[in-house]
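> Could you have a look at this structure, given as structure tokens, before my questions?
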Amino acid sequence: MHSLDWVVIGLYFLVMVAIGWWAKRRVHTAADFFTAGGKMPWWLAGISHHMSGYSAAVFVGYAAIAYTTGFAVYIWWAISITIACVIGSFVFAPRWPRLRQRLGIISPLEFLSTRYNVPTQQVLAWSGTVLKIFDVAAKWAASAILLQVFAGVPLSVGILLVGGVTLIYSTIGGLWADALTDMGQFIIQFVAAIALVIATMASLGGVSSISTIWERLPASHSSPFAGDYTVWFFLAYILINTVSYNGGTWNLAQRFIAAPTGSSARKSLLLSAGLFLVWPLVLFFPMWAAPLILPDLADPSQSYALLAKTLLPAGLIGLVLAGMFSHTMAMTSSDANAISSVVVRDIIPALRGSRAPLTSRRELFIGRLATFLFIGLSMALALNASSFGGVLGLLILWFGALVGPIAIPMLLGMLKPFRRSGPSAALSSWVVGLLVFATIKYVIPTQIADLGTATAQTVSVVSPILASIVVYVVVGWVHPWRNETSDALVASLDSDLVEQIAAPTASKLASEPVA
């Protein structure tokens with residue numbers, strides 16, 4: 001990279017830290033730190049949801065699929081997310097801020113102690129929190145690899161640089177800092193992506209190349225479904241993304257909880273859906289055109305980076321790299337905020353037992369400390385990734401398996417049709433989902449692999465979710481659970497204008513047996 005590119009990268013990091021420091025003025029309580037005090041504008045929440053919805057993997061892994069397969073990557077990835085967000089904008093998103101209004105939650109798992117009981121809440125909280133550390137560590141390593149490819153920076157330096165900047169602004173400013181930096185990162189990414197699109201079109205004959213490239217590429221590249229990316233693959237990912245993008249992934253749930261009202265949360269998710277519908281067309285165009293500019297690449301995953309280095313002048317290369325960083329930093333900072341909220345409001349109260357609740361000031365201090373420690377520990381794991389060998393990959397894999405089983409009791413537990421599914425249904429769905437994944441990965445991996453790469457991946461991810469859904473519904477039907485407080489809570493989530501209900505104390509819930 002040119003020295004001007006380094007200047008751009010340096011300025012980018014400084015701007016992120018400056019935004020975090022400015023956001024600090026808006027943080028006075030734990031609610032401000034974790035949920036922006038329930039005052040986040042819908043447009044900011046929508047952009048933040050979009051930016052936190054994917055990482056630098058898009059510019060590496062998905063770039064390889066776009067290079068080898070073509071338009072199908074837009075259909076199964078972007079369109080499936082768009083559909084999932086539209087569904088969720090009416091079914092799930094409005095219920096998250098209503099939970100905050102009624103129970104004062106600042107953690108996506110906090111309502112589970114009222115909806116089910118404390119043991120159920122703790123199982124889901126601990127399993128998700130521990131494994132998320134390894135997932136974030138992998139994201140730091142991926143970002144460092146990008147910096148190494150572009151500039152030859154050692155992995156350790158890259159991890160410390162990207163992770164250190166994120167640690168500073170996330171610890172200082174909380175969710176406000178996360179959302180505002182997401183906004184700044186969106187603008188930077190917008191400029192960088194447009195610059196590469198213009199450079200790509202210029203190298204291929206102008207604006208007309210938007211349509212003419214498909215005549216020069218293999219015929220299958222213009223097909224909406226190609227190779228392993230079939231209609232069934234697309235439908236499976238609609239289910240997977242519906243679970244993930246509507247709060248099953250905790251950091252995205254935080255964006256909804258921070259909305260003032262249910263209608264505001266709905267608008268934010270519709271905005272994110274619109275961005276997922278339109279913006280990937282801009283991001284993917286250079287990736288689709290890459291075979292014409294860089295034919296016969298040995299490693300298609302490098303296509304986006306190599307295009308930037310080939311077509312862009314000094315300065316803009318640094319901007320493109322900053323745009324790649326932006327998504328990973330958005331995801332990891334929001335992950336840290338969500339995990340810290342679970343630690344402060346779900347795990348610590350259970351460990352403290354009957355002792356007096358923490359004060360708001362104390363919660364804020366512990367929230368910042370938890371954010372700092374979470375990011376620091378994930379960076380330490382990333383720095384020592386080679387020491388873990390296959391273990392790191394194993395745990396990342398298992399985190400992917402747990403997303404669905406953890407999310408099903410959360411999401412379906414907010415809906416009236418499933419109000420009879422209680423703690424036993426929630427825990428059973430979690431256990432069975434995990435067992436199904438383990439069976440697929442470690443008992444019959446050869447048979448699954450014979451289905452093809454994409455199909456095997458789909459089966460591995462969607463099977464635990466489907467198993468969890470079936471078990472959750474069946475156990476609720478066979479062994480119906482009735483609890484007046486839980487029923488009242490679920491019923492109250494249909495509207496913004498419902499009188500606040502009283503939540504039972506953690507000590508009372510802890511004394512109740514698991515149904």
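Readers should treat all values here as calculations from the given coordinates under stated rules, not as data from a laboratory. Fair warning: this is a prediction, and the values are worked out from it, not measured in the lab. For neighbour counting, all protein chains shown are included, and Cβ atoms are generated from backbone atoms with ideal geometry for every residue, glycine included.
> Can you check what the net charge comes to around V343, using other residues whose Cβ is under 13 Å from the Cβ of V343 (Lys, Arg +1; Asp, Glu -1)?
Details: positive: K132, R345, R352, R368; negative: E110, D335, D346, E363.
Neighbourhood net charge equals 0.
> Hey, which of these cross-link pairs are over 28 Å Cα-Cα: K24/K309; K267/K441; K24/K132; K309/K441; K132/K441; K267/K309? Please list the in-between numbers first.
Working: K24/K309 37 Å; K267/K441 39 Å; K24/K132 26 Å; K309/K441 39 Å; K132/K441 20 Å; K267/K309 38 Å.
Exceeds cut-off: K24/K309; K267/K441; K309/K441; K267/K309.
> Continuing with the same structure: Could you give the nm distance between label points at V278 and R361, where each point is 7 Å from its Cα heading toward the beta carbon?
So the two model labels end up 4.7 nm from each other.
> Between T212 and V474, how many nm apart are label points set 7 Å from Cα along the C-beta direction?
5.9 nm
> Let me ask another. Please work out how much length the chain gains when fully extended from A491 to K441, using 0.36 nm per residue of separation minus the C-alpha to C-alpha distance, in nm with one decimal.
On the way: separation 50, 0.36 × 50 = 18.00 nm, distance 3.91 nm.
Here the segment from A491 to K441 would lengthen by 14.1 nm.
> Taking the structure as given and computing Rg/Rh (Cα atoms, Kirkwood Rh), which label from [x] 1.05; [y] 0.99; [z] 0.97 fits?
Here Rg/Rh (Cα atoms, Kirkwood Rh) agrees with entry [z].
> Would you tally the net charge around A491, using a Cβ to Cβ cut-off of less than 10 Å, leaving A491 out, and scoring K and R as +1, D and E as -1?
Numbers: positive: K416, R419; negative: D487, D494.
Summing Lys/Arg as +1 and Asp/Glu as -1 gives 0.
> Suppose every K and R has +1 on its Cβ and every D and E has -1 on its Cβ; what is the size of the dipole of the chain about the Cα centre, in Debye to the nearest 20?
Details: 28 positive and 20 negative charges, 278 e Å.
It works out to roughly 1340 debye.
> Report, in order of residue number, the helices in the chain meeting two criteria: a C-alpha extent of 20 Å or more along the helix axis, and a mean Kyte-Doolittle hydropathy of at least 0.0; treat each whole DSSP H run as one helix.
On the way: long enough: 3-23 (30 Å, 1.73); 118-151 (49 Å, 1.02); 155-203 (43 Å, 1.58); 262-293 (47 Å, 1.31); 316-342 (39 Å, 1.04); 360-383 (34 Å, 1.14); 390-412 (34 Å, 2.22); 423-442 (28 Å, 1.27); 453-478 (37 Å, 1.68).
In the chain, the long hydrophobic H runs are 3-23, 118-151, 155-203, 262-293, 316-342, 360-383, 390-412, 423-442, 453-478.
> What order, most packed first, do the peptides 231-238, 50-57, 156-163 have when packing is the mean number of other Cβ atoms within 10 Å of each residue?
Working: 231-238: 17.9, 50-57: 23.2, 156-163: 20.1.
Taking the mean over residues of other Cβ atoms within 10 Å, the ranking is 50-57, 156-163, 231-238.
> Starting from the exponent 0.38 and prefactor 2.2 Å, build the expected Rg for region 1-55 from its residue count and divide its actual Cα Rg by it.
Details: Rg = 14.9 Å, N = 55, 2.2 N^0.38 = 10.1 Å.
In units of the 2.2 N^0.38 Å rule of thumb, it is 1.48.
> Can you order the peptides 459-466, 325-332, 173-180 by their average number of other Cβ atoms within 10 Å per residue, highest first?
Details: 459-466: 20.6, 325-332: 27.2, 173-180: 29.1.
For the peptides 459-466, 325-332, 173-180, the packing ranking is 173-180, 325-332, 459-466.
> Still on this model: Stretch T29-D296 to full length: gain in nm at 0.36 nm per residue minus the Cα-Cα span? Mind showing how you got there, number by number?
Working: separation 267, 0.36 × 267 = 96.12 nm, distance 5.53 nm.
Net length gain for the segment: 90.6 nm.
> Using +1 at the Cβ of each Lys and Arg and -1 at the Cβ of each Asp and Glu in the chain, identify which of T82, T485, A36 lies farthest towards the dipole's positive end.
T485
> Could you work out the relative contact order of the chain, using alpha carbon pairs under 8 angstrom and six or more residues apart, expressed as a whole percent?
Numbers: 859 pairs, mean separation 160.4, N = 515.
With pairs under 8 Å counted, the relative contact order is 31 percent.
> Extension gain V91-T310, at 0.36 nm per residue separation less the Cα-Cα distance, in nm? Can you show the working numbers first?
Details: separation 219, 0.36 × 219 = 78.84 nm, distance 4.55 nm.
In short, 74.3 nm is gained.
> Still on this structure: Given labels modelled 7 Å from the Cα in the Cβ direction, how far is it in nm from L466 to N384?
If labels sit at L466 and N384, their model points lie 4.0 nm apart.
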